[in-house]
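Once you've had a glance at the structure underneath, I'll fire off some questions.
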Amino acid sequence: MSAVVRLSDVHKRFGAVTVLNGVSFEVGRGEVAAVIGQSGSGKSTALRCIDALERIEQGTIEVCGHAVHDPKLDRRALRCDVGIVFQSYNLFPHLTAEQNIMLAPTCVKSLSKADARTLARDVLARVGLAEKADHYPEQLSGGQQQRVAIARSLAMQPKLMLFDEVTSALDPQLTGEVLKVMEDLARGGMTMILVTHEMSFARKVASKIIYMHKGTVWETGPGAIIDAPQTLELRKFVGGEM
Amino acid sequence: MSYQFDFLALLPYWREFALGVWLTLELSAIATVLGFVFGTLCAIGRSGGSPAVKWAIAAYVEVIRNTPLLVQIFLVYFGIATLGVHLSANFAAVAALVVNVTAYTCEIVRAGIESIHKAQLEAAECLGLSRAQTYWHVILRPAVERVYPALTSQYVLLMLASSITSQISAEELTAVANRIQSDTFRSFETYIVVGVLYILLSMVVRIGFGLFGLLVFVRRRKLGTSL
Amino acid sequence: MPTFTLVHLEYLSWAALWTIGLSVIAFIGGGILGFGVAMARIAPSRVLRTAAMVYIQLVQGTPLLILLFLIYFGVAILGFNQVPAILAASLGLTIYASGFLAEIWRGCIQSVPKTQWEAAECLALTRWQRMTRVILPQAIRIATPPTVGFMVQIVKNTSLASVVGFIELAQAGKIINTSIYEPFTIFVIVAIFYFLICFPLSTWSRSLERKLNVSGR
Ligand SMILES: Nc1ncnc2c1ncn2[C@@H]1O[C@H](COP(=O)(O)OP(=O)(O)OP(=O)(O)O)[C@@H](O)[C@H]1O
Ligand SMILES: [Mg+2]
């Protein structure tokens, strides 16, 4: 199994604060990795480093064949292979759902408007929002906005999807519809890394759990480790969560 | 008070008034378009240029905003003449108005650019958009949409302020009025008529901008929101 | 050929004082009148509100230059043969300032949340008490930065008082120019004078605004 993502000994500091202190893990093709851990343990930072939103001080990151740690990295090429979805949707407010999705394919991949529109309809249908194509973000519920954001990433046909607490801003009802989309994606064979606080979801969908603590990978293993933690910290964390 | 109002004496001059209105519209339209383009470029430079560029634009904006338009007009008109280049009054008028309104546009558009959330830029980056594409699709368009009302007010003020160019005898409504009142000795009536014309003009310009906004900013039209 | 000398600089300095004096008059006069118009603009009476709105529209829709001409010739019609320039200039700038200040202040008063009005009403305060004890103290904080900002507009617009014969900076510049014809030098110096008056006001306005934003509303 070839690794789609490989982090080794990644260090990241913000000023005097070391946020990532030697993080290493691998995610193989078709694998779904759930990153869990206390607030402030560096989960978001790790995800942002993978998509080259943060520059690292030490270590290497390889993503879909791109050397992300390399200063000469071709960011555009990386972003064509990696999709990322944030907690706060970040849809473009002046564009409709469809236009939000069409923007990158037309700008970055030079698709024609017509092809991009077909593509947009297609991914919108995949997230169950075919009929909302002409709605502006403010006309959509939080869950719908988040699904459009996922569709926007999918339209670039990425090889890897990153999700950073995409359901944290949603109430339980809306959470379900977003999780379902992610589950469908996982079942479709997409390689995914998701930061989540939804333990039951992580156990159900993830083939790998990465527990982060104080800027390092403290414990890692299959979904079962949530039920049988090896370390005291994970036991406490899981106990506190549920 | 024994003053007899006589507006009829102005009737023969309606062509001149109409021409004056047209000239004022023309003058301010040219200044508005050029001012918008240059002002937006300045705003981009001001928020994303090198330190030297940023400083130069900031200095220019401060100088313009803290000196009267009348003095700017004199400087452009007489000043450039002393350099040996002769400008027509109308050209000098347009040039001075553009120099002036560019600075105000720069400030307004910059405020719009700064109001765009950083997360929006990050989202665009993650989608692989280039810097130029991000600027165009994700920053500039929503920024201008957001400050459009402020821009409209500024351009209405510009139209009214263009009357000051009559001080260097540029051809526009106020200059026309000055001529008519010295012809007819009906000064008060003349300026009442011209005042009314300016009020109508400012309404027309406002409505024009409103309609243009609806045409360009589709979301506003559809949602009826003003952001 | 005479050139720009200290005498001219001294003359400009005096003119600068007149610019400042006229600005102060316009600000005080415009402030008093503008406050009245702002109050009328949010009065319970529909007639008052409409009248205030029309007044604001008229003032804001007329170029100051035309307003000054109207006053200059209008006062003459009332029977005064020679209108003192200072009177015409002060009146014109007062009316101009009142139209804009009224609108700025109305916006600030109305930006105080409606719940504040209701809370004050529930305490059985009269309308006037509600205004002076609850709303205005909050509105003034919001209104200070744009008001100081508008002072800059007043100072700059006093330059138009030259058309009614008032001798302030711009007019003084023109007068010097007729004798020595060095327009570039003269108007650059005139511009510097204006800048020295306006820039501190602009800076002050901006710092007030920053403070307001930091402290929250
Ligand atoms: N841009 C930044 N500048 C300075 N410090 C930062 C920055 N981003 C994150 N940090 C710090 O890094 C640490 C880890 O942040 P991170 O967002 O990665 O945590 P997290 O595990 O995602 O937490 P949460 O579950 O709350 O999202 C925190 O202490 C945070 O304050
Ligand atoms: Mg986080």
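Measuring from label point to label point, each 7 Å out along Cα→Cβ, what is the residue C:9 to residue A:72 span in nm?
About 6.1 nm, to one decimal.
Additional query: For the stretch B:1-104, compute Rh as the Kirkwood radius over C-alpha pairs and then the Stokes-Einstein diffusion coefficient at 20 °C and 1.002 mPa s; write the answer in µm²/s, rounded to an integer. The partial results should precede the final answer.
Values: Rh = 16.3 Å.
It diffuses with D of about 132 µm²/s by this estimate.
Ok, one more. Given Cβ point charges of +1 (Lys, Arg) and -1 (Asp, Glu) and nothing else, what value in debye, to the nearest 20, does the dipole of the protein assembly as shown about its Cα centre take? Before the final figure, lay out each step's value.
Details: 59 positive and 47 negative charges, 177 e Å.
With only Lys, Arg, Asp and Glu charged at Cβ, the dipole is about 860 debye.
For helix B:187-216, what angle does its Cα long axis make with the longest principal axis of chain B, in degrees from 0 to 90 and rounded to 10?
The angle comes out at about 20 degrees.
On to the next question. Say a paramagnetic label sat at a point 7 Å from the Cα of residue A:21, along Cα to Cβ; which residues of the stretch A:201-234 have their backbone N under 12 Å from it?
Flagged as within label range: A:213-218.
Sort by residue number and report every cysteine in the protein assembly as shown with no other cysteine beta carbon within a distance under 4.7 Å.
A:49, A:64, A:80, A:107, B:126, C:108, C:122, C:198
How much of the calculated P(r) for the protein assembly as shown lies past 41 Å, in percent of all Cα pairs?
Within the protein assembly as shown, distances greater than 41 Å cover 46 percent of Cα pairs.
Pairs of Cα atoms under 8 Å, at least six residues apart: use those to get the relative contact order of chain C, whole percent.
Details: 234 pairs, mean separation 63.8, N = 217.
Worked out over chain C, it gives 29 percent.
OK, next. Please report how far the C-alpha centroid of the stretch B:147-223 lies from that of the stretch A:135-149, rounded to the nearest whole angstrom.
Result: 42 Å between the Cα centres.
For the pair residue A:60 and residue B:130, what calculated FRET efficiency results from E = 1/(1 + (r/R0)^6), where r is the Cβ-Cβ distance and R0 = 41 Å, to the nearest 0.05? Please report the intermediate quantities before stating the final value.
On the way: r = 26 Å, r/R0 = 0.64.
Once the sixth-power term is evaluated, E becomes 0.95.
Rounded to the nearest 0.05, what FRET efficiency do residue C:196 and residue C:49 have when you use their Cβ-Cβ distance and R0 = 30 Å? Before the final figure, lay out the partial values.
Details: r = 41 Å, r/R0 = 1.36.
Once the sixth-power term is evaluated, E becomes 0.15.
Could I ask something else about it? Using label points projected 7 Å from each Cα along Cα→Cβ, tell me how many nm separate residue B:30 and residue C:184, to one decimal.
2.4
Which order results if C:19, C:94 are arranged by neighbouring Cβ count within 10 Å, fewest first? Intermediate results must be reported in sequence, preceding the final value.
Details: C:19 28, C:94 22.
Ascending number of Cβ neighbours within 10 Å: C:94, C:19.
How far, in degrees from 0 to 90, does helix B:141-161 lean away from the longest principal axis of the Cα atoms of chain B, to the nearest 10?
Once rounded, the angle reads 20 degrees.
Then there is this: If eta is 0.890 mPa s and T is 25 °C, what Stokes-Einstein diffusion coefficient results for the stretch B:7-223, Kirkwood Rh from Cα pairs, in µm²/s? Working shown, then result.
On the way: Rh = 19.2 Å.
Using the Kirkwood radius from Cα pairs, D works out to 128 µm²/s.
Also, quick follow-up: What does the structure give for B:78-84 when I average, per residue, the other chain Cβ atoms found within 10 Å of the residue Cβ?
Values: counts 7, 6, 2, 2, 5, 1, 0.
Average neighbour count from other chains, rounded to a whole number: 3.
Counting partner chain Cβ atoms within 10 Å of every residue's Cβ in C:188-197, what's the average?
On the way: counts 4, 0, 6, 9, 3, 2, 6, 6, 1, 2.
The shielding value for this peptide is 4.
Which of the pairs B:54/C:211; A:180/A:208; A:159/B:54; B:118/C:211 have their Cα atoms more than 30 Å apart in this structure? Each step should come with its number before you reach the end.
Details: B:54/C:211 24 Å; A:180/A:208 19 Å; A:159/B:54 40 Å; B:118/C:211 23 Å.
Over 30 Å Cα-Cα: A:159/B:54.
Something else now. Other chains near C:177-187: what is the mean number of their Cβ atoms within 10 Å of each residue's Cβ? Kindly include the intermediate steps, with their values, before the conclusion.
Working: counts 2, 0, 0, 0, 2, 2, 8, 8, 2, 5, 11.
Average per residue, whole number: 4.
Taking the Cα centroid of the stretch C:34-60 and of the stretch B:90-110, what is the distance between the two, rounded to the nearest whole Å?
With the stretch C:34-60 and the stretch B:90-110 each reduced to a Cα centre, they are spaced 32 Å.
Now, a different point. Filter the DSSP H helices in chain C by two things, a Kyte-Doolittle mean of at least -0.5 and an axial alpha-carbon span of 24 angstrom or more, and list the hits by number.
Values: long enough: C:6-41 (50 Å, 1.41); C:85-110 (37 Å, 1.17); C:136-157 (29 Å, 0.58); C:183-215 (47 Å, 1.04).
Long hydrophobic helices here: C:6-41, C:85-110, C:136-157, C:183-215.
Another question about this same structure. Only Cα pairs under 8 Å and at least 6 apart count here; give the relative contact order of the stretch A:163-236 as a rounded whole percent.
Values: 60 pairs, mean separation 16.6, N = 74.
Relative contact order comes out at 22 percent.
Does the stretch C:6-216 classify as rounded, prolate or oblate by the C-alpha gyration tensor (a ≥ b ≥ c root eigenvalues; a/c under 1.5 gives rounded; else a/b over b/c gives prolate, otherwise oblate)? Please report the intermediate quantities before stating the final value.
Details: a/c = 3.36, a/b = 1.68, b/c = 2.00.
Cα axes put the stretch C:6-216 in the oblate bin.
If we restrict to alpha carbons, what Rg and Dmax does chain A come to, in Å?
17.8, 56
So which lysines can residue C:156 reach, going by Cα to Cα under 18 Å and dropping same-chain residues fewer than 8 places off?
The qualifying lysines are C:174.
On a straight-distance basis, which lysines could pair with residue A:214 in a cross-link, Cα separation under 20 angstrom, same-chain partners fewer than 8 positions away excluded?
Straight-line reach from residue A:214, under 20 Å: A:12, A:43, A:236.
Explain nothing, just the number: relative contact order of chain A, from Cα pairs under 8 Å at least 6 residues apart, as a whole percent.
Rounded, it is 26 percent for chain A.
While we're looking at this one, here's another question. Roughly how far apart, in whole Å, are the Cα centres of the stretch A:157-182 and the stretch B:122-142?
Going from one Cα centre to the other spans 23 Å.
A short reminder: the numbers here are calculations on the coordinates, not readings from a lab. In this text, all values refer to a predicted model and were calculated from it rather than measured experimentally. Cβ atoms come from the backbone with ideal geometry, glycine included; neighbour counts cover every protein chain shown.
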